[in-house]
Structure formats: C-alpha cells, structure tokens
1. Tell me the per residue accessible area of the chain using a 1.4 Å probe; a whole number in Å² is fine.
2. Calculate what fraction, in whole %, of the accessible area of the chain sits on carbon and sulfur atoms when a 1.4 Å probe is rolled over the protein chains.
3. Under the classification rounded if a/c is under 1.5, otherwise prolate if a/b is larger than b/c and oblate if not, where does the range 235-302 fall, given a ≥ b ≥ c as square roots of the Cα gyration tensor eigenvalues?
4. Note down the net charge around Cys129, summing +1 for each Lys or Arg and -1 for each Asp or Glu among other residues with Cβ under 10 Å from its Cβ.
5. Where a ≥ b ≥ c are the square roots of the eigenvalues of the C-alpha gyration tensor, would you call the range 124-192 rounded, which needs a/c under 1.5, or, failing that, prolate if a/b is larger than b/c, or oblate?
6. When the Cα centres of the range 80-97 and the range 140-191 are compared, how far apart do they sit, in Å?
7. Filter the chain for me: DSSP H helices, axial length by Cα at least 27 angstrom, mean Kyte-Doolittle hydropathy not below 1.0. List them by residue number.
8. Given an 8 Å cut-off on Cα distances and at least 6 residues of separation, report the relative contact order of the range 182-310 as a percent.
Amino acid sequence: STKTTLAGFEFDNCLMNAAGVYCYDAAELDQMQASKAGTFVTKSATLQARTGNPEPRYLATPLGSINSMGLPNHGLPYYLDYVSQQQIAVPNKIYFQSITGFNIDEDEQLLAQITASDFKGIVELNLSCPNVPGKPQTGYDFETVERILTRVFEVYQGPLGIKLPPYFDIVHFDQMAAILNQFPLAFVNCVNSIGNGLFIDAATETVTIKPKNGFGGIGGDYLKPTALANVHAFYQRLKPEIQIIGTGGVKSGQDVFEHLLCGASMVQVGTALQKEGPLIFDRLTAELKTIMQQKGYTQIADFQGQLKHL
Ligand code: DHB
C-alpha cells in the first residue's frame with residue numbers, strides 16, 4: 001500500500017499536487033479530488049483575490065518548467081468555501097489549504113479567517129514565493145521566519161506546516177533547522193522552485209516569460225537533486241514530530257521512492273502534473289507499487305527515511 005500518515009491523519013496515497021498546480025479554481029480542484037492522489041492542496045491564497053503577473057508566465061521546457069505566476073488566486077474565502085464543501089462531500093479525507101501573506105499581520109489575518117471557518121484540514125504556510133516583484137523570498141530571511149512562526153503559533157491552534165525554498169549550504173540547513181525545531185510544526189515541505197532562473201530562446205534571442213524580464217522559478221528535472229538534498233538534510237536535523245513533505249522533480253515512481261527514502265512522508269508533484277494532468281497519479285502510484293514489490297516492501301514505513309550513507 002502507498003498509504004501514509006501526516007500530522008496524525010491517514011491518507012490513502014502519499015501523492016498529491018504541489019501548490020500552484022491544478023488547484024486554482026473549483027474546476028481544477030474537482031479534477032484533483034477525482035484523481036488517485038491522496039489529497040490536494042489549494043493555490044496559495046492571499047487575503048484579496050489577485051490576477052497575478054502578465055502572460056506568458058509559465059513555460060514547460062524539455063527538462064522542467066519556468067514560472068512567474070505572481071500568486072494569481074481567488075482569495076482565501078473562495079478556497080475555504082470549496083474545501084468546506086469537500087469536507088462534507090468526502091468526509092474522512094483531510095485537505096491542505098496553502099496561504100501566503102505579504103507580511104506578518106496578513107499571515108495573522110489569514111489564520112484568523114481559517115480559525116473562524118469550518119476548515120478542519122492542514123495549513124501550508126508558503127514562505128517561498130519567488131515571483132512577486134519587490135518581495136524577497138521570506139525563507140531566505142532567517143530572522144523573519146523566526147518572527148513569523150512565533151506569531152503564527154501564538155494565534156493558530158490547528159495543524160500547520162511551512163513550504164520552504166531550497167537551501168544550498170550546510171550551515172543554512174543547520175541554522176534553519178535550529179529555528180524550526182523551536183516550534184510545533186506539523187511538517188516542513190521541501191522544496192519550492194529554484195527562484196529566479198532564466199530560460200531563454202537562442203533562436204529568437206529572447207526571454208521566454210514576460211514578468212521580471214524573464215526571471216522565474218525553476219521546477220522539474222533541474223530541481224530533483226536539490227529537492228532530495230533539502231528533504232534529507234531537514235529529515236536528519238528536525239525533531240521527529242516535524243514530518244517532511246518532499247516536492248521537486250517528481251515525474252516517475254522512482255522519483256517518489258527517492259523522496260520517501262530521503263525522509264519524506266508525503267510527496268507532491270508540480271511540473272509533471274502540469275504537463276500530464278491528474279491521470280499522472282495513476283501512473284506514479286503504479287510505478288511506486290512496482291518498485292516496492294520488487295524490493296519486498298509492503299508499506300512506506302519499510303523504507304521511509306532509510307537512505308544509506310557510505
Ligand atoms: C507563486 C510561485 C511560487 O513558487 C510560490 O511559492 C507561490 C506563488 C506564484 O508565482 O504564483
């Protein structure tokens with residue numbers, strides 16, 4: 001079985017979408033709900049609806065993707081309404097609500113709205129959007145992360161985790177883990193896209209997306225080794241109560257297996273889901289099951305986090 005447990009909740013499948021992909025509106029979320037995925041996360045919601053950055057703002061490339069969406073979303077109440085309906089339509093399934101404020105007071109307001117709603121799921125606080133002009137990725141400002149989490153856990157009682165950007169330095173893994181271990185986080189999701197890459201078209205000698213002079217978040221194959229490093233680094237450093245969600249470069253059952261082996265309890269799919277659509281969850285689940293069978297594993301717990309070192 002590919003069942004997993006996160007934040008004390010059981011999920012029939014360890015696979016789900018990555019925030020931003022197939023989760024913008026009810027039509028997309030309905031497709032996620034009908035898929036083989038264990039659950040879904042909504043598009044990162046802000047207080048007010050946003051149209052996002054000018055198009056073109058997403059490009060699939062042979063090895064991955066570049067995007068500078070700029071947080072297009074319908075605003076938090078839209079997603080809370082949708083999830084509240086799904087909680088009734090399919091009870092015993094737990095859903096993720098992604099949120100992102102533009103400052104600590106907005107984070108607090110978003111969490112107050114969630115507390116005041118019927119939402120019974122898990123919050124994913126996004127500390128890593130790279131695409132809003134003038135706004136740095138919060139996850140790279142360690143002092144601000146500590147300040148935000150201090151406030152978050154003063155005001156919010158429900159299960160909550162954070163989505164982090166990728167880190168590229170061992171000392172940064174050490175410093176961020178030391179901060180995160182002070183808080184009752186349900187999970188840490190590693191990783192968001194590699195921020196501010198540049199994919200260009202040599203034939204036309206131009207950038208390929210419009211916002212920010214072509215700079216955007218990189219996903220797909222480019223991201224997998226960095227994602228696995230972040231999953232494993234935080235798995236080794238975080239207290240056991242803080243679980244890991246693995247995201248980055250997942251397009252095959254082997255990629256899912258690798259994230260689980262590095263310590264993920266749940267695995268999210270972004271670029272490959274955008275390319276293939278929600279039927280990808282049938283393929284990934286079947287491929288993961290085949291690998292587990294070949295290795296003699298009957299459940300994720302048989303190998304989760306068991307990466308060997310030389
Ligand atoms: C967007 C991109 C991200 O990587 C993210 O974490 C949040 C939002 C975006 O551009 O919409």
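1. On the way: 13280 Å² over 310 residues.
Value returned for the chain: 43 Å² of accessible area per residue.
2. Details: 7060 of 13280 Å².
Roughly 53 percent of what the probe reaches on the chain is carbon or sulfur.
3. Details: a/c = 2.59, a/b = 1.25, b/c = 2.07.
It is oblate, given that a/c is not under 1.5 and a/b is not larger than b/c.
4. Numbers: positive: Lys135, Lys163; negative: none.
Neighbour charge sum, excluding Cys129 itself: +2.
5. On the way: a/c = 1.63, a/b = 1.23, b/c = 1.33.
Judged from the Cα gyration tensor, the range 124-192 comes out oblate (a/c at least 1.5, b/c at or above a/b).
6. With the range 80-97 and the range 140-191 each reduced to a Cα centre, they are spaced 26 Å.
7. Details: long enough: none.
Taking the DSSP H segments of the chain (at least 27 Å long, mean hydropathy at least 1.0), we get none.
8. Details: 207 pairs, mean separation 30.1, N = 129.
Here the relative contact order equals 23 percent.
The values are calculated or read from the model by the stated rules, or taken from the named source; none is laboratory data. None of the values given here were measured: they were computed from a predicted structure. So basically every Cβ, Gly included, is an ideal-geometry build from the backbone, and we count neighbours across all protein chains shown. Only protein heavy atoms, including side chains, enter the accessible area calculation; ligands, DNA and RNA are left aside. Shrake-Rupley method; radii C 1.70, N 1.55, O 1.52, S 1.80 Å.
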